[in-house]
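Colleague: One structure is given below, represented as structure tokens, and several questions about it will come after.
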Amino acid sequence: DLLTNLGTIALQKGRLEEGVKIINKSLLINPNQSTAHNNCGNALKELKRFDEALASYDRAIELKSDYAEALFNLGVAHQRLDQPDKAIKNYQKALDIQHAYPIAHHNLGIIYFQRDQTTSAIQSFEWAIAYSPNYPEAARNLGSAFQKINQFEKAKKQFEKAISINPEYAQPYEDLGILCEIIN
């Protein structure tokens, strides 16, 4: 436990390589720590060591099949590897376990939006906002989805919502400007 905690602290301090080494030492002593495998996977993902990250997440899920966070993280890794079908599968599994998972809904919405599955994207972004009303990226992406299907007033409302939540978030200002050019 001490090694796992030390490794986790190193990860939290941004010392990813050191954290991975310490957690791996801990896993040599006790390989049945699902959280340690998940945390190690997160660090490996940030280090762009995706094959190792995938293996860590798989092991975490193998140890704890209802581990929504590890399933979500596995989805993120697959999304970064441009494997959207695998990402969708893992996000949906995570949501089956924990439906109130805003970022999982949001990431699923992004994939659907990229695939021109706008209705599914809108539904996913709306779920993200339902569970996290002050989620500016979800509001902005919902606005983009509405704009894509020419629901301009709804799009404008979402861009404005994203701005009101986080006035420092630049993208919805640009989106709103483009939308104003379209509707004027």
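Colleague: Provide a single number: the residues in the stretch 163-182 that are modelled with pLDDT under 95 and open to solvent by 80 Å² or more (accessible area, probe 1.4 Å).
Modeller: 2
Colleague: Within the set of pairs 6 or more residues apart or between chains, which connect a residue that is open to solvent by 30 Å² or more (accessible area, probe 1.4 Å) and modelled with pLDDT of 90 or more inside the stretch 1-14 to a residue that is part of a helix (DSSP H, G or I) and among the charged types (D, E, K, R) with Cβ atoms less than 8 Å apart?
Modeller: Leu3/Lys25
Colleague: Please find, among Arg59, Arg80, the residue that is open to solvent by 40 Å² or more (accessible area, probe 1.4 Å), touching a helix residue (DSSP H, G or I) at 6+ places or on another chain (Cβ under 9 Å), of a type in the set (Lys, Arg) and under 30 Å from Ser164 (Cα atoms).
Modeller: Unique residue meeting the criteria: Arg80.
Colleague: While we're looking at this one, here's another question. Taking the condition of being assigned to a helix (DSSP H, G or I) and within 13 Å of Lys93 (Cα to Cα), how many residues in the stretch 59-75 meet it?
Modeller: Selection size over the stretch 59-75: 9.
The values are calculated or read from the model by the stated rules, or taken from the named source; none is laboratory data. Values in this document were obtained by computation on a predicted structure and should not be read as measured data. Cβ coordinates were reconstructed from backbone atoms using ideal geometry, including for glycine residues, and neighbour counts include every protein chain displayed. Note: accessible area is taken over every heavy atom of the protein model, side chains too, but ligands, DNA and RNA are not part of it. Shrake-Rupley method; radii C 1.70, N 1.55, O 1.52, S 1.80 Å.
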